[in-house]
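Read the figures in this text as sums done on the coordinates, not as results from a lab. What you see is a predicted model, and the numbers here were worked out from it, not measured in a lab. For neighbour counting, all protein chains shown are included, and Cβ atoms are generated from backbone atoms with ideal geometry for every residue, glycine included.
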Amino acid sequence: MATFLQKNALWVVISFIAGFVLLEACRPEDPGPGPNPTPGDLEYIAYDPQTYVIPKPTFFPEIPIPADNPMTKDGVQLGRRLFYDPILSADSTMSCSSCHLPEGSFTDNKKFSIGIDGIAGKRNSMSLLNVAYVTDGFFWDGRAATLEKQALAPVEDPIELHNSWDNVVKKLKLHPTYPQLFRKAFGIKDREEITKELAAKAIAQFERILISSGNSKYDRFVNGDVDAFDEEEIDGKLMFFDEGAPYNLPDAQCFHCHGGVTLTGGKFFNNGLDSVGNLSEFKDLGRFLVTGIEFDKGKFRATTMRNIALTAPYMHDGRFQTLEEVIEQYHDNGFGVVNEGAFLNQIGFPNGNGTYSGLTEYQKKAIVKFLHTLTDTDFINNQDIQNPF
Amino acid sequence: MKKYSLFLTILSLLFVLSCKDKNDGPSTDFSITFSALYGAETLEKNKDYTFNGFPIFVESCRMYLSDIRLINADREVIISDVEYLDFTPENAVSASPTIVFKNVPEGDYTSIRLGYGVSPVLNAKKPSNFPAGSPLAIENDYWAGWKSYIFSVLDGKADPDNNGTKNLSFSYHCGSDAVYKTVEFFTPIKVQAGAFTQAAITFDMKEFLTNDDGTPYDMVNNPATSNDAGNVVVAQALTAHWGRATKVSQ
């Protein structure tokens with residue numbers, strides 16, 4: 001065999017080159033940008049989907065992935081580009097990332113986000129950290145059932161990207177690189193098969209990788225590094241989780257609504273922000289707009305506490321600038337409005353059923369300091385989630 | 001050698017266990033519809049009911065059931081290890097979930113046994129041990145402070161002084177192994193493909209809030225379960241009422 005090869009080496013090389021030339025010649029010419037590409041214009045690109053395993057801390061629950069949108073490496077890369085690409089907006093000035101920036105844990109740190117026409121919305125941008133775990137509906141009022149559905153909304157929202165999907169899809173089809181990326185991600189045969197649904201799927205795949213690093217001070221503490229916290233942070237944690245009774249610390253009741261590993265209740269509550277005479281007086285009716293249930297007026301989703309120090313201002317309307325203001329608000333135990341959450345009027349009670357003791361200045365500070373331990377700098381600095389452009 | 005014999009033992013055990021399944025005869029899907037009631041009515045979120053002469057309403061009502069068994073003289077069949085029942089989901093005022101149990105051996109059963117909460121073996125685990133979508137993966141119903149799932153939740157508001165304002169919040173979150181309770185209900189249940197494939201179980205929250213002597217539970221002085229894992233007085237008092245609050249029918 002060896003001698004055969006040696007003898008015929010030249011021929012082997014020649015036939016390889018010939019084969020290559022032939023193959024290249026047979027390959028359909030890339031029609032380039034054009035409105036009516038040849039059917040199958042992308043088929044020359046290999047479609048070889050590789051599963052993307054989302055890195056996550058071992059103590060985090062399994063990440064739910066919808067069966068009709070499996071995670072692939074090419075899907076995530078496409079989604080990441082789309083997320084950061086102003087091609088999605090009518091005037092090519094804004095992208096998802098304009099209102100969801102990594103350094104703000106994917107918020108924009110503005111009271112209200114401002115869309116391409118300079119019009120401000122009426123809600124505060126939301127952190128996308130661990131958004132893959134949200135199960136009871138996306139947005140402050142839970143109106144989008146899935147990330148795939150959610151991703152369709154901002155493009156056409158007049159106070160966000162104010163574009164039309166028809167227009168975006170047209171631009172994507174004509175683009176020099178996107179058609180190839182859609183091929184790699186979804187195996188489409190030609191650029192005509194690019195749809196808004198596929199774009200939304202890719203964006204959703206990218207959003208699902210926005211998972212905590214598991215290296216925040218808090219994570220280190222709960223995983224056994226007892227020195228990670230000082231006394232004040234420990235006290236704050238005990239109150240946040242209602243575990244302070246043995247140490248004569250009152251309950252702050254926070255975990256009831258901001259619980260679980262992601263510290264995201266995921267449920268909807270009236271957390272006692274406004275004193276209204278009747279429920280219809282809420283300026284933003286919140287959850288009611290989705291369910292039509294009277295008692296859902298003024299209810300909003302309890303968001304994640306992870307990276308909360310990075311996502312000011314706070315609440316659906318960005319009314320509070322600081323966490324200190326947030327704690328003061330909770331300390332007032334709501335206004336007795338009929339649909340206020342069950343534990344609100346027990347904040348500052350020792351052990352749920354004692355007499356009200358309130359939170360001392362030290363205790364309030366300790367809770368705020370605890371909230372700062374939830375900051376996850378490894379997450380916001382993760383190279384895989386940054387702007388690829 | 002030791003390892004080898006362990007392997008053999010496990011293998012033969014597996015063999016025996018799998019044989020048992022095959023001898024079970026015909027089986028069928030069997031469904032049970034679970035509902036929460038207040039007295040005779042289906043429980044609805046935020047609807048006023050009378051309790052102890054004053055108005056109350058419920059905001060959240062949900063529970064775990066585990067180790068659900070159908071029993072007769074010949075056998076005990078575990079039809080489910082654990083189920084999660086949310087009677088007041090986010091998008092509706094009430095819900096009566098129907099759960100389909102797969103491959104239930106046909107037969108005439110004389111009783112059904114329910115475990116209120118999460119059985120100790122499963123309760124030793126935590127949500128991250130379970131795949132997404134599993135009833136035990138629900139982070140919000142686990143409390144690290146107790147090292148336990150929250151077995152049942154009944155939250156709401158009451159107006160004990162009848163002055164038109166519901167200024168008392170009650171929140172009964174029962175959990176921890178000391179509070180786990182099983183009850184056997186001697187209601188005959190027939191399982192037969194095409195003929196007997198369903199049953200119903202109701203939980204009356206009014207009974208749950210009623211003591212064994214018929215007096216109402218002292219909600220005013222005990223509006224909440226304790227957050228102290230060592231103090232399960234309220235949780236135990238209330239879970240003791242489950243047997244009376246539960247009705248099984250076919």
What's the FRET efficiency of B:Ala92 with B:Phe185 using the Cβ-Cβ distance as r and R₀ = 30 Å, to the nearest 0.05?
0.60
Within chain B, longest stretch clear of exposed trypsin sites (Lys or Arg not before Pro) (DSSP loop, no more than 13 other Cβ within 10 Å):
B:126-250
Find the centroid of the Cα atoms in the range B:188-250 and in the range A:246-266, then give the distance between the two in whole Å.
26
Relative exposure of A:Phe282, B:Phe87, A:Phe240, judged by other C-beta atoms within 10 Å (fewest first):
A:Phe282, A:Phe240, B:Phe87
Cut-off is 10 Å between beta-carbons; in what order do A:Glu103, B:Glu90 appear when sorted fewest neighbours first?
A:Glu103, B:Glu90
Hey, what's the per residue convex hull volume over the C-alpha atoms of the protein assembly as shown, in cubic angstrom?
241
Here the membrane-span-like helices of chain A, with no claim about any membrane, defined by DSSP H, Cα axial extent at least 24 Å and mean Kyte-Doolittle at least 1.0, are A:2-26
Nearest 10, in degrees from 0 to 90: the angle of helix B:2-22 to the longest Cα principal axis of chain B is 70
Which Cα, out of A:Pro158, B:Gly243, A:Thr38, lies furthest along the positive dipole direction of the protein assembly as shown (beta carbon charges, K/R +1, D/E -1)?
A:Thr38
For the range B:28-249, size of Cβ-based charge dipole, Lys and Arg +1, Asp and Glu -1, in debye
280
Amide H of B:Glu59: which non-local residues (sequence gap of 5 or more, or other chain) have their own amide H closer than 5 Å, using H built in the peptide plane?
B:Asn46, B:Asp155, B:Gly156, B:Lys157
In whole angstrom, and with the biggest value first, how far do the Cα coordinates of the range B:132-216 range along each principal axis?
54, 35, 24
What are the ³J(HN,Hα) couplings of the range B:170-186, residue after residue, when phi is run through the Karplus curve with 6.51, -1.76, 1.60 and θ = phi - 60°? Round to Hz, x for glycine and proline.
10, 9, 9, 10, 9, x, 5, 3, 5, 9, 5, 8, 10, 9, 9, 10, 8
Over chain B: helical MRE at 222 nm, DSSP H runs n ≥ 4 each giving -39500 (n - 2.57), nearest 500
-4500 deg cm²/dmol
Based on DSSP H runs of at least 4 residues, each adding -39500 (n - 2.57), what is the mean residue ellipticity at 222 nm of chain A after dividing by all its residues, to the nearest 500 deg cm²/dmol?
-9500 deg cm²/dmol
Under 5 Å between amide H atoms, partner at least 5 residues away or on a different chain: which partners does A:Tyr52 have, H built in plane at 1.01 Å?
A:Met71, A:Thr72, A:Lys73
Along the range A:133-144, what does the Karplus equation 6.51 cos²θ - 1.76 cosθ + 1.60 (θ = phi - 60°) give for ³J(HN,Hα), rounded to whole Hz, x for Gly and Pro?
8, 5, 10, 9, x, 8, 6, 4, 9, x, 6, 9
Can you list the residues, at least 5 places off or on another chain, whose amide H is less than 5 Å from the amide H of B:Gly175, using H built in the peptide plane?
B:Phe151
Which lysines, if any, have their Cα less than 23 Å from the Cα of B:Lys126, not counting same-chain residues under 8 positions apart?
A:Lys56, A:Lys217, A:Lys237, A:Lys267, B:Lys147, B:Lys181
About its Cα centre, what dipole magnitude does the range B:131-250 give when the only charges are +1 on Lys and Arg Cβ and -1 on Asp and Glu Cβ, stated in debye to the nearest 20?
360
Please give the charge dipole size of the protein assembly as shown, origin at the Cα centre, charges +1 on K and R Cβ atoms and -1 on D and E Cβ atoms. Round to the nearest 20 debye.
1520
Neighbour-count order for B:Phe185, B:Phe151, fewest beta carbons within 10 angstrom listed first:
B:Phe185, B:Phe151
